[in-house]
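Working notes, beginning with the structure itself.
Values quoted throughout were computed directly from the atomic coordinates according to the rules given, and no laboratory measurement underlies them. If you're wondering where the values come from, they're calculated on a predicted model, not measured in any experiment. Neighbour counts are summed over all protein chains in view; Cβ atoms, including those assigned to glycine, are modelled from backbone coordinates with ideal geometry.
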Amino acid sequence: MSVPAERWAEIAASFDELVELAPAQRAARLAQIAREDPALAREVEALLAADEADHALLEGGAMQAMPAFAELAGGDASVGAVAGPYRLLRRLGEGGMGVVWLAERIDGAYEQHVAVKLLRPGMDSHAIVRRFLQERRILARLSHPHVVRLLDGGMSASRRPYYVMEYVDGTTITQYAAQRQADVRTRVALLAVAADAVAYAHANLIVHRDLKPSNVLVDRDGQPRVLDFGIAKLIEEGGEQTLTGTAWRVLSPAYAAPEQILGEPVGTATDVYALGLVLCELLVGELPQRRRAAQLAEDATKEITLRASTIASGLPPDRVAGLYGAALDRRSLVRSVSGDLDLIIATALQREPARRYATAAAFAADLRRWLDGRPIEARADSAAYRLGKFVRRHRAGVAASALVACALLGGFGVALWQAGVARQQAQRADAERVLAQRQLARTERVKDFILALFREQDPISRAKARARSATDLVREGVVQTDATLASDPDLQAELLRDLGEIQIGLDDRENAAQTLERAWNLQRRASGADSVAAAKALASYADAVSAGGDMQAAEPMFRDALARLRAAGEGQTPSILPAESKLALIELVKANHAEAERLARHALEVARAAWGGDSVRLVPHLLTLGKVQQEIPRYEDALRTYREALRITVGASGEEHVRTAMLHASIADVLRVLDREDEALAEYAAALRVVRAQLPAGHATLASMLTRVADLQRRRGDLDAAEKAIDEAIAILAAGQASGPYAQALQFQADLLLARGRADAAVQRYAQAVATFRAATGESAYVATSTLKRAGALVRAGRLAEAEAACLEAQGVLARLPQDEYLGGYAASVLGELRHAQARYAEAAAQRRIVLALTSKIYAAGHPEIAVARIALADSLVAMRDAAQRAEAATLLEDARAVLERPDAAGDAAPLGELYLARAALRLDEGDVAAARADVGKAMPRLAKKPQPENTLRRARELARRLGVRPA
């Protein structure tokens, strides 16, 4: 059962908060969560328990469909294990990212005890390793007595990255102060030294981003040491992030600055904020705000930060005694932290980074001014600033107070009421007349606006010698709205939205985004952020952002627009359709198939209810539903949906409407998968004819069509035609920003390179496709698929160790996605190919059984894809050299041969070549040398017609040599 993304955000945030706490603090905080949300507490408690167990972060999801992937992840390290030249001695601690061990150097270079931090499985992608090696060179510059230096790093025997740091025999700064019951001055002095270390790192252009008590240790000499510099920065830039809202970032929610939680720019002021939090906790034992896991973003925007003295005034006496012993009571503590210390902490904790201390050095300097009894630099907020903050925090209370005041004044107005009635009746007639005049004036302004644009096409009236293109004309329309409609922001926003949507259709994506962002901002100011018009404008702006390739940024905008429309009572009206249909496609990319289908069906139902069964306005929503059905996959349902959309489009607009091209191409996509390739080519040809006739050269839709045609031509063996089509597609798409269509074109080009036998070049192109998909879609099913394709290319290139690492990377992506049967089957096919190449035949056979079961479920009996799956399984069974397995292999090969040798078979020689090669090996094992020789003779020419993996060719040549058959 999958956990919704919003709920997982709550669980993940609470886990991040609790995993760093000591057992007693963790239990207390968990009990508090249980009182507020028992279900959340149970989930977090289970996650904490799983964190203590082996493979806790790797179990579930796609792993259940791919059990052999578990071995790739590796288990937790144990005492005596080796990471590079270091032997692990004992655990020092652990957190959400990894486990820290005390270790000793064992290679004889020198003797040294160090702290080794091993990343958890799933955090060890190639991108992180590469970024670590770059970061290590930067961090080597940090040489400060109060910074724990990064000494070394590498990959452990289980292929997990590790970091080697100085070992500090000490305790966290808060534990050190509490154990020694240090006074207030000692605590402030300790943190001032730590702030100096942070300021030194800032001077070297390194921001910590994860300062908290567990990252500030005090050694046996009483000296603070700041550790883990650069690691949080490294992980974030490598793409491995911790969930907060809708994105993944590495942070500790309790100590994160608001800008970290909200995804705003992070800088040195972020560390200043964390230092302020640590100082508050160091002095009074608690943090100055209460963040709720379920509402992190809201809390970070609106949270109230308590003064340290206010917290101290509410501490129980035994809590104060635990911090300071008998030397300080609660009243004395309040006096000590009131005034300047309160102000220093409050300045460090300002919501806006620009209002904090400019640097950590400035923060440390103010602490020393306080220690020396000198005036501090921090200043209290002005009365106007505090009043504004108060009103924003207490809108309801201020409004209620205002109502009371109005009620008091209202008594004086009763005497004036009757006199006003007559005046109102006269004014109503005037208002109706003014409204009619305004509507007439508005109509005239729209007419003038349209005529001004059309005059540009009049060869006599236009300003330029040549008529403008449609794109230029719309851009001119945007300029005209500023010149003629600025006094009517409602009308200006409405026309900008229409023009921006046209720009999307014209593939003018960058200008469309700018136009629609302006329309949204204008509409918000004109009618309010919660108005229906503003929500529609937001959905249009999100559509432009999505069309530009930034699906991650568009998703929360669509969700916000849809929520506002539903809240306004528009949940069953056409207003919701743009946002709901686009969200269906986003859920599809994230492999949330059930939710994608629910959204697509609801959008179609609303459209049918509003416009009837044959309206052309149904077509976009039929397309969305067809796409969902195609990906699930339910191919026959998808064909029916696409053909209904085509029938409606042709009936309303004729055969040459550009929308028919999209529908022809969608139908062709399904026919291709169903192995009806001739029909698919005919549909693609119809699509291309319309697109080339109706759209400008270089339009993104043309590139999309060419990409799909190229893929089909490659499958049919027409590699030259495929190369010509894919090259044209990439030339069009490369001119824009990173996008899903561009990533798909790169992937198909890699497929073509592989078909030509250029495996190494294909590996590089697949890597580029993975990076582009990741930039456009985040950690999506597309990223997983391209990574698996790259792994398969590495197997064909004979680079098996790299292939295994790529499989592990794909598994990390799949583990974060909802379980998907098709993706699980594809992953099993790649892993089966890898295991066979590694001569681990029993494991290969297990994976290939998964593939055969899934293929038999998807395709009709007798489909060539089922025959190919049978050949692969038989090949592994034969290689096991067991009599029982040989018998099963013989049956599988005979079933496959019956399909592939049919007169109406597609004619791809390669599968038959692989069949005869596997059967030759089987017959040779059974002692039938003559039959084996005959099968090798049939296999070699068929294999030669299509580039094969090097290990397949090597095996074929060796078998031919043994049997005395001359290679083709």
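Here are the numbers for the structure shown:
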| item | result |
| --- | --- |
| Value of Rg/Rh across the stretch 746-831 [Cα atoms, Kirkwood radius] | 0.95 |
| Alpha-carbon spread of the stretch 649-776, three principal axes, descending order, Å | 49, 32, 22 |
| For the stretch 833-968, alpha-carbon Rg over 2.2 N^0.38 Å | 0.98 |
| The stretch 653-718: translational diffusion in µm²/s, Stokes-Einstein, Kirkwood Rh over Cα pairs, 25 °C, 0.890 mPa s | 209 µm²/s |
| Cα-projected label distance for residue 42 with residue 853, points at 7 Å along beta-carbon direction, nm | 3.0 nm |
| Extension reserve of the residue 34-residue 530 stretch, reckoned as 0.36 nm per residue once the Cα distance is removed | 175.1 nm |
| √(5λ) per eigenvalue of the Cα gyration tensor, the stretch 776-902, largest first, Å | 27, 18, 12 |
| Difference of contour (0.36 nm per residue) and Cα-Cα distance, residue 476 to residue 205 | 93.1 nm |
| Average projection area in nm² (convex hull over Cα atoms of the stretch 651-690, one quarter of hull surface) | 2.5 nm² |
| Other-chain or far-sequence residues with amide H under 5 Å of residue 153's (modelled H) | 164 |
